[in-house]
Amino acid sequence: MLLKYRKHIQYMYRFSYAPGQECKVVRSFNHHRGNSCRVAKFSRRGKCLISGCKKDSALYVTDVGTGKLLCRTKKAHSAPPYAIHTVSENQLASGDEGGEIKLWDTRTWRSVMTLKENGDYISNMTTGNENRTLLATSGDGSLVAVDLRQRRLEERSDCNESELLSLAVVKGGKKVVCGDGEGVLMIYNWGLWGDITDRYPGHPQSIDSLIAISESVICTGCMDGTIRSVQVLPNQLLGTVGHHTEDFPIDSMSLTHDRAYLVTGSQDCCKFWPVEDIPKLVGSDKGAGSLREVEGEGGWTRRKKRKRRHKWRAGAEDDS
């Protein structure tokens, strides 16, 4: 089962999939009438769908099986929600366009922690250290680590030159990789959040999404519509997994529940890629090497950088 949502309309669609067959729409949710859906995530067990809306800054909780709206948390944030992460079956973290992070008890849907350390939107979140630490990237270029047990800020990194948009935990929880708005992978040592320890440039445009396929391999989704497989430490490009339409960035990436398929989503469609094929890219025609070596000696053709990711998305809404 896969969820696809359009950020500039009010509907979400639940899809079924099977190898060799087209995806079919099995249910649509329209609880956000007149209110654009900005972000959506399944609960840990997949029974509920949590979504955030722009107009009323609310969180919606929907029963996936019946489509019934279970809960609506009005004014969940002071600004529209922008990122959601399911910490556990009883805890959910959300971040908004103003840089605020909240932790929710999903049994009562009451906020148990509020943190405002960032000066710009929260772009992405994940957990590590056995769900004891929440990590959040921000449009101000910083990485925030939150102690979930003590419910306080652990540390905030120095601000990088460009916005941080995506992140993943690799190397057995010892490293954190973040993608930025200039196409650079920023690498942090776990627990040493003050500054990066390594950086790997070369993507032609912003790295809007990334996901860990193994302890040493990640897949990146770029604004140029290309999915790439990258090895972390030693850093090298393993190959190109595939492409979406060039005009649409790869907004989201996830693995199916059996980890058999990598699912990538953009504004034009969702695509499935067999995970077992990704390591085979080492022996592809292009071969392994640095990003710039693989893509060509002429360097990258860079589009005009958008100042802020949420402004670009807002523009998409205005065009609808």
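Bear in mind these aren't lab numbers, they're just calculated from the coordinates by the rules spelled out. Everything quoted here is computed from the prediction, not taken from an experiment. Every residue, glycine as well, gets a Cβ built from its backbone with ideal geometry; the counts of neighbours run over all protein chains shown.
Odds and ends about this structure:
- In percent, rounded to a whole number, the relative contact order of the range 132-265 is 14, using alpha-carbon pairs under 8 Å and six or more apart.
- Near GLY128, the amide H atoms lying under 5 Å from its own belong to THR133, LEU135; only residues 5 or more places off or on other chains count, and H is placed 1.01 Å from N.
- Taking a ≥ b ≥ c as the square roots of the eigenvalues of the Cα gyration tensor, the range 184-281 is classed as prolate, since a/c reaches at least 1.5 and a/b is larger than b/c.
- Each peptide in 178-188, 108-118, 88-98 gets a packing score, the mean of other Cβ atoms within 10 Å over its residues, and the list from highest to lowest is 178-188, 88-98, 108-118.
- Rounded to the nearest Hz, the phi-derived 3J(HN,Hα) couplings of the range 83-96 under the Karplus curve 6.51 cos²θ - 1.76 cosθ + 1.60 (θ = phi - 60°) are 9, 9, 9, 7, 6, 8, 5, 10, 9, 9, 10, 9, x, 10, where x marks glycine and proline.
- Over the range 68-147: Kirkwood hydrodynamic radius from C-alpha pairwise inverse distances, Å: 12.7
- Values of log10 I(q)/I(0), in the order q = 0.14, 0.21, 0.23, 0.28 Å⁻¹, for the range 161-223 under a Debye, Cα-only, solvent-free model: -0.34, -0.76, -0.90, -1.24
- Taking θ as phi - 60° and the Karplus parameters 6.51, -1.76 and 1.60, the scalar couplings of the range 185-200 work out to 8, 9, 10, 10, 7, 4, x, 10, 8, x, 8, 6, 9, 7, 9, 10 Hz in sequence order, x denoting glycine and proline.
- For the range 156-207, relative contact order (Cα pairs under 8 Å, six or more residues apart, normalised by length) works out to 32 percent.
- With a threshold of 25 Å on the Cα-Cα distance, the over-threshold entries among LYS47/LYS271; LYS47/LYS102; LYS41/LYS75; LYS75/LYS174; LYS102/LYS271 are LYS75/LYS174; LYS102/LYS271.
- The range 118-216: C-alpha gyration tensor shape, a/c 1.5 cut-off, then a/b vs b/c: oblate
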